[in-house]
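The values are calculated or read from the model by the stated rules, or taken from the named source; none is laboratory data. In this text the structure is predicted, and so the values were computed from the model without any measurement. Cβ atoms come from the backbone with ideal geometry, glycine included; neighbour counts cover every protein chain shown. Heads up: the accessible areas ignore ligands, DNA and RNA and are worked out on the full protein's heavy atoms, side chains in. Shrake-Rupley method; radii C 1.70, N 1.55, O 1.52, S 1.80 Å.
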Amino acid sequence: MRNNGTPTLNYFSLVFLSFVLFLSSCSIEEDSPYGPKTLAPSIGETTIATEELSNLASALIQADGDTEDGLMKALSNGKGPFTVFAPTNQAFQEFLAGFDGYNSLEDFDSVEKRAILSEILSYHIINSVAATSTDLGQEREIATRQGETVTINSTGGVSIQDKKGASANIITADIETRNGIVHIIDRVLLPDGVANGVRQDLVDLVNATDALSNLEAAVEKTDLADTLKSSGPFTVLAPTDDAFIALLNLMGDDYNSLEDFDTELEINLLRDILLYHVIPAEVLSTSFAEGPINTTLAENDLGLIASGNTFVVRDATQAVANITSADNLALNGIAHTINKVLLPQSAVDFITSINLKNIFNTLASQNQYSLLTDAMILVEDGIVELLSDENGSFTIFAPTNDAFRAFLAAIPDCGSLSDFDTPDERKFLASVLKYHVFEPKKVAAELVDGTAYTTVQGETLSALGDDSIIIDDATALNAKVTQANVDATNGVIHRIDKVLQPAEIASQLGTLE
């Protein structure tokens, strides 16, 4: 039954109301040294007895339905204490006008709809505290019974801001009751996940958030919307638009937008990345604990790390993302926005591969190898072309500038590369350089058994390793690998701390073992 759009009480509500009014009219007495006294009404009784709050009373009863442990029972009989922000009748009428298809509170007529109403009402209740307007006089966030927070603003009077960014003003403060305090407000507060009469699922929540438009596009592109609309529950770590822009920049000039993920390989990669952001459980920020977290991308865990008063999330690169907005509730889970796109190992490998250069260009791009690449150019003996061959598969032990300077200093009458100014001297230098290269590509784990490899120069060298890898050349002093497995398109680079010497060079320099 409706009355010009104004919420009305059903039969059960009227019976309940009559019963409560009967109780409130009776003198409920306690033993006291000063004689009997009458208890103050509870919050539930106060909403029923206050004409301006009759719609709130109706809403509480409607949300409870046939449940035995509903909100009205808690506010009527619960010990509390509670703080309740109580919307006026006019506030409820404006609230209903903003919900499509809802003309009265009786339109919350299914289990799902009553759950939505209960969630909205729970967002107006603070558990375990009776906060006066003086207590609310400082700006802060307060957790509600529903789970999300409201923000108290004390500028020009006390107001309460909801997750939608709208504010309600307290128009009557500090109504004391037996089990708490009521503040009458001029607006119905809305938690983040409720809009237009329905609780948003995770996809709706992402789509409704301006800062997540790239995530919205990625979900659509990878056909994951149906998964994220399913019952779940899920926790989504939602990268912002800026986070996606940073990812595109990392991937290079060929990736300017998500539209550039246009091959099956790229779309599958993007799907892997998104699944890596989904936890197959609902995890509130208050439940965070250090350690690994399972994701919906099989065999790819995230790491949760305590950082001050909060937590950060670590991906396969060992880089961390900050949580910028926590506990955004949805029908089938929860979302936390983060400031970085998290990368599983498959994405790390892909990004590494698309940014790879050949061995020579990789060396030339790093200042620590400038003497090595200058020497390769100087000798004009084909080594630059060899290490630029995209069809090759090479292993190179690459001495750093410090290692090269030590080698040059050990050569009589040689202070720099410019001193190699005759054909014989350059042939000498070319022999040294070619001794650092062999085929095929061998990563560090394949080198440590002492196998001898024939170098491009013609002599052999071998590597041994346990805790560290050493390279055995023709001299008495071995070289150590200080960085292994730097990939290139045509092989692998292992950084070393000494210029290797073949026997023909070591004999000339007197360093032969």
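Summary of computed values
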quantity: 222 nm mean residue ellipticity, helices alone, for the chain (DSSP H n ≥ 4; -39,500 (n - 2.57); rounded to 500); calculated: -9000 deg cm²/dmol
quantity: Mean Cα-pair separation over length for the chain, i.e. relative contact order, pairs under 8 Å, 6 or more apart, %; calculated: 9
quantity: Relative contact order for the stretch 127-265, counting Cα pairs under 8 Å that sit 6 or more residues apart, in percent; calculated: 13
quantity: Where GluC sites (Glu not before Pro) fall in DSSP loop in the stretch 369-455, at most 10 other Cβ within 10 Å; calculated: Glu390
quantity: The chain, accessible surface, carbon-and-sulfur percent (1.4 angstrom probe); calculated: 48
quantity: Compactness relative to 2.2 N^0.38 Å, alpha carbon Rg of the stretch 397-513; calculated: 1.04
quantity: Value in Å of the Kirkwood radius, where the chain supplies the Cα pairs that are averaged; calculated: 28.7
quantity: Counted charge near Val437, where neighbours are those whose Cβ lies closer than 15 Å (Asp, Glu -1; Lys, Arg +1); calculated: -2
quantity: Charge tally in the Cβ shell below 12 Å around Ala488, where Lys, Arg are +1 and Asp, Glu are -1, Ala488 excluded; calculated: -1
quantity: Mean accessible surface per residue for the stretch 359-513, computed with a 1.4 Å probe while every protein chain stays in place, in Å²; calculated: 47
quantity: Between the stretch 71-124 and the stretch 214-245, the Cα center-to-center distance that results, in Å; calculated: 31
quantity: Cβ-defined net charge surrounding Ile152, 12 Å radius [Lys, Arg +1; Asp, Glu -1]; calculated: -3
